[in-house]
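The values are calculated or read from the model by the stated rules, or taken from the named source; none is laboratory data. Treat the numbers as computed from the prediction; the structure is a model and nothing was measured. Positions of Cβ are generated from backbone atoms using ideal geometry, with glycine treated the same way; all protein chains shown enter the neighbour counts. These area figures cover heavy atoms from the full protein model, side chains too; ligands, DNA and RNA do not enter into them. Shrake-Rupley method; radii C 1.70, N 1.55, O 1.52, S 1.80 Å.
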Amino acid sequence: PIFIHYCYNNHIIDVCKLILKFMHYFIDVLKKYAVFKGRASRKQYWMFFLFYFIFGILLYIVSSIVSVIIKYDLSFLRTIYSLIFVLPHIALLVRRAHDSNKSGWYTFIPIYNIVLLFLESTPGDNQYGPNPKRHSSYSQ
């Protein structure tokens with residue numbers, strides 16, 4: 001039983017380290033709240049989207065439970081949450097367009113927007129800056 005307890009605790013620590021490692025992508029986007037210059041990798045975009053989605057689901061669950069308990073509608077919190085992330089999401093999409101050597105204006109073309117999320121980075125540096133894969137402080 002002691003061995004199982006030891007392994008279980010170490011496993012939780014490893015999972016927490018992994019979550020914190022990927023959480024840096026989300027935090028980096030927030031640090032560049034309205035930065036439209038530079039490049040953003042596909043991984044950075046998808047990690048941001050993953051954590052944005054997870055936090056949104058958690059907010060939905062918690063606000064729904066609290067709404068039932070206090071008998072007051074808290075759905076406005078979800079709207080505020082979404083509005084807070086509009087600008088950093090657009091800035092991230094523009095940097096993602098720059099990563100494939102396209103102008104940020106391409107992000108306003110809806111169909112191209114979807115294609116952009118799956119495009120590979122331009123190898124090496126381009127007119128928008130260095131390749132984020134090579135200059136990342138996190139292992140790719």
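Carbon and sulfur atoms: what percent of the 1.4 Å accessible area of segment 8-140 do they account for? Roughly 72 percent of what the probe reaches on segment 8-140 is carbon or sulfur.
Where does each of 91-99, 19-27, 108-116 land if you order them by average Cβ count within 10 Å, highest first? Intermediate results must be reported in sequence, preceding the final value.
On the way: 91-99: 24.3, 19-27: 14.3, 108-116: 11.7.
Ranked from most to least packed, the peptides come out as 91-99, 19-27, 108-116.
Lysine pair count for segment 1-125 (Cα-Cα distance under 22 Å; residues 8 or more apart in sequence or on different chains): 10.
Dipole magnitude for segment 28-140: computed about the Cα centre from +1 point charges on Lys and Arg Cβ and -1 point charges on Asp and Glu Cβ, it is near 200 debye. I need the shape label for the chain. Rule: rounded when a/c is under 1.5, else prolate if a/b > b/c, else oblate, with a, b, c from the alpha carbon gyration tensor. Here the chain falls in the oblate category.
Subtracting the Cα-Cα distance from 0.36 nm times the residue separation, let me have the gained length for PHE49 to ASN101 in nm, one decimal.
Working: separation 52, 0.36 × 52 = 18.72 nm, distance 2.15 nm.
Separation in residues times 0.36 nm, less the Cα-Cα distance, equals 16.6 nm.
Based on protein heavy atoms only, the chain ends up with 66 Å² per residue of surface accessible to a 1.4 Å probe.
Among the helices of the chain, those built from whole DSSP H runs whose Cα atoms reach 18 Å or more along their own axis and whose mean Kyte-Doolittle hydropathy is at least 0.5 are 2-31, 42-70, 86-99.
Out of the chymotrypsin sites (Phe, Trp or Tyr not before Pro) in segment 51-87, which ones are loop residues according to DSSP with at most 13 other C-beta atoms within 10 Å?
Listed in order of number, the matching sites are TYR72.
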